[in-house]
Amino acid sequence: MTKIDPSRPETVLPTPSHTVGPFYGHALPFPGGGDIAPLGHPDAVTLRGYVYDGEGAPLPDAFLELWGADPDGELPRVDGSMRRDPASGGFLGRNGVEFTGWGRVQTDADGHWSARTLRPGARGASAPYVSVCVFARGLLVHLFTRIYLPGDDAALAADPLLRRVDPARRDTLIATRERSGAYRFDIRLQGEGETVFLEFQ
Amino acid sequence: MTLTQSDIDREIAAERAAYDKRRAEGAPVEHQPRRDYAPYRSSVLRHPTRPPVTIDVGTDPELVELASPAFGERDVTETDNDLTRRHDGEPIGERITVSGRLLDRDGRPVRGQLVEIWQANSAGRYAHMREQHDAPLDPNFTGVGRTLTDDSGFYRFTTVQPGPYPWRQHLNAWRPAHIHFSLFGTAFTQRLVTQMYFPSDPLFPYDPIIQSVTDDAARQRLVATYDHSLSVPEFSMGYHWDIVLDGPRATWIEEGR
Ligand SMILES: [Fe+3]
């Protein structure tokens, strides 16, 4: 059953998703996972927020992956997000110079996460955004959403996704400015203020 | 009132009957679990109740989600795919070799992408502080590995057979032995986290997590095949498990991919 013959397209069917469970802690997080911005870069932004369940309780065991373009709207093609040390077998971390565009952050015991990345540039018809993939114990299939940054109202108004979203829920996709270069983005998995999640076809 | 296995069994049966009814009424095959699968209690408050907003990736080739982060030789060390060689001594347990191909929906190999795994030790215990199961830790086994798929999309791990473990959702709840997998494709839309199981595990009918995949054929795709040609003489038992990434990718093919 699980040897798939690509010459028979009817056997090439998707492998089902499963929850990440509670015990990924030694496997997936890595030091500097949220330090996506190269050191001292003028376009660095801080993103942070909480992940909440349907009763408004913060999740202490969720993690997010962030993936975005560089300030020119170019997609990074450089590896090295989780550089390893061949001597110790441990993690070296990022080199602080290259921008890989991708990071992975856990929520802490309070359900809070934070990351530093570069302010994304626009691509295609979209306003600038950072793509987010949410994983958690209890979540049988991960969830995609987007973090749009506030400021350029014309770009947000023209964005093909934001134009289609129910106006009452649109703000769940747009971060709140806390101070210069720092934004808050909470994720509500269920219920009042439920975040808009995306499905790609 | 204590939640018992028979309570969960009834709920699993009801979910299967509901799926069979949907199918009989002409609904499509469900390759993926539903996020609101109540027999798995942790899902109850952690699934959205609003339908997702659908994005047709054919409308804009510039979508960020149509590309994927890059991983390379800097992100893995040579012994990362051998979970039995991460400590000074040998882990306890039956050594196994797990290998297979990472494919896209067109059956094309997904090359050079990151595969990460984690698992319990042979006694069914995770090396995790929050793990409460009273089974021995193995000082020579953390149960974590990673590798990059090769030019034909193959991955390969050497590890030990994980044990089943209790997980306290209900009285006498046991997870069938499994290895957790995390996978990247050429598009972020293809991202997948899942679990691989072993053939003929007697715990399958009782486990709401594997049963969350209500379609029989889809559930079977989570179970590896014993493969004698992968068994290493005098060393390990071999299991083959191919993985197909769901989710759309770009319809054009990049040079060299
Ligand atoms: Fe597990």
Taking only region A:15-36 into account, find how many residues are surrounded by fewer than 20 Cβ atoms within 10 Å (Cβ to Cβ) and at the interface with chain B (Cβ under 7 Å from one of its Cβ atoms). 3
Given (1) under 30 Å from residue A:188 (Cα atoms); (2) within 9 Å of chain B (Cβ to nearest Cβ); (3) surrounded by fewer than 20 Cβ atoms within 10 Å (Cβ to Cβ), index of the condition residue A:110 fails: (2)
Quick one: would you say residue B:181 is more than 8 Å from chain A (Cβ to nearest Cβ), away from the ligand (no atom under 15 Å from the Cβ), open to solvent by less than 10 Å² (accessible area, probe 1.4 Å) and closer than 14 Å to residue B:99 by Cα? no
Which residues, taken from region B:138-166, are within 12 Å of chain A (Cβ to nearest Cβ) and either within 16 Å of the ligand (Cβ to nearest atom) or out of contact with any Leu (no Cβ under 9 Å at 6 or more places or on another chain) (or both)? B:141, B:142, B:143, B:144, B:145, B:152, B:162, B:165
The listed residue being among the β-branched types (Val, Ile, Thr) and more than 8 Å from every other protein chain (Cβ to nearest Cβ), out of A:100, A:195, A:117: A:117
Got at least one residue in region A:58-67 being under 24 Å from residue B:221 (Cα atoms), crowded, with 21+ Cβ neighbours inside 10 Å and among the aromatic types (Phe, Trp, Tyr)? no
Looking at region A:161-171, is at least one residue under 19 Å from residue A:64 (Cα atoms) and open to solvent by less than 30 Å² (accessible area, probe 1.4 Å)? no
Quick one: count up the residues across region B:194-213 that are open to solvent by less than 20 Å² (accessible area, probe 1.4 Å) and not in a helix (DSSP H, G or I). 8
Which residues, counting only those in region B:64-73, are surrounded by fewer than 18 Cβ atoms within 10 Å (Cβ to Cβ) and facing another protein chain (nearest Cβ under 7 Å)? B:72
Could you list, ordered by first residue, the pairs with Cβ atoms under 6 Å in which the first is in region B:119-131 and at the interface with another protein chain (Cβ under 7 Å from one of its Cβ atoms) and the second is away from the ligand (no atom under 11 Å from the Cβ) and open to solvent by less than 40 Å² (accessible area, probe 1.4 Å), at least 6 apart or interchain? B:128/A:25
Which of the residues spanning region B:83-114 are more than 16 Å from the ligand (Cβ to nearest atom), of a type in the set (A, V, I, L, M, F, W, C) and within 11 Å of another protein chain (Cβ to nearest Cβ)? B:102, B:103, B:114
By my count, strands (runs of 3 or more DSSP E) wholly in region B:109-183 with at least 2 residues that are within 19 Å of residue B:222 (Cβ to Cβ) are B:114-118, B:154-160, B:178-183
For residue A:20, work out the one condition from (1) β-branched (Val, Ile, Thr); (2) within 16 Å of the ligand (Cβ to nearest atom); (3) over 30 Å from residue A:192 (Cβ atoms) it doesn't fulfil. (3)
Restricting region B:115-126 to residues that are within 11 Å of the ligand (Cβ to nearest atom) and among the small types (Gly, Ala, Ser), the residue that is farthest from the chain's Cα centre (by Cα): B:124
When residues of region A:47-68 are limited to those that are among the small types (Gly, Ala, Ser) and out of contact with any Phe, Trp or Tyr (no Cβ under 9 Å at 6 or more places or on another chain), the one nearest to the other protein chains (Cβ to nearest Cβ): A:54
Is it the case that region B:231-246 has a residue that's surrounded by fewer than 22 Cβ atoms within 10 Å (Cβ to Cβ), part of a loop (DSSP other than H, G, I, E, B) and at the interface with another protein chain (Cβ under 8 Å from one of its Cβ atoms)? yes
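The values are calculated or read from the model by the stated rules, or taken from the named source; none is laboratory data. Just so it is clear, the structure is predicted and the values come from calculations on it, not from any experiment. Note that we place each Cβ from the backbone using ideal geometry, even for glycine, and neighbour counts take in every protein chain shown. Ligands, DNA and RNA are excluded from the accessible area calculation, which covers all protein heavy atoms including side chains. Shrake-Rupley method; radii C 1.70, N 1.55, O 1.52, S 1.80 Å.
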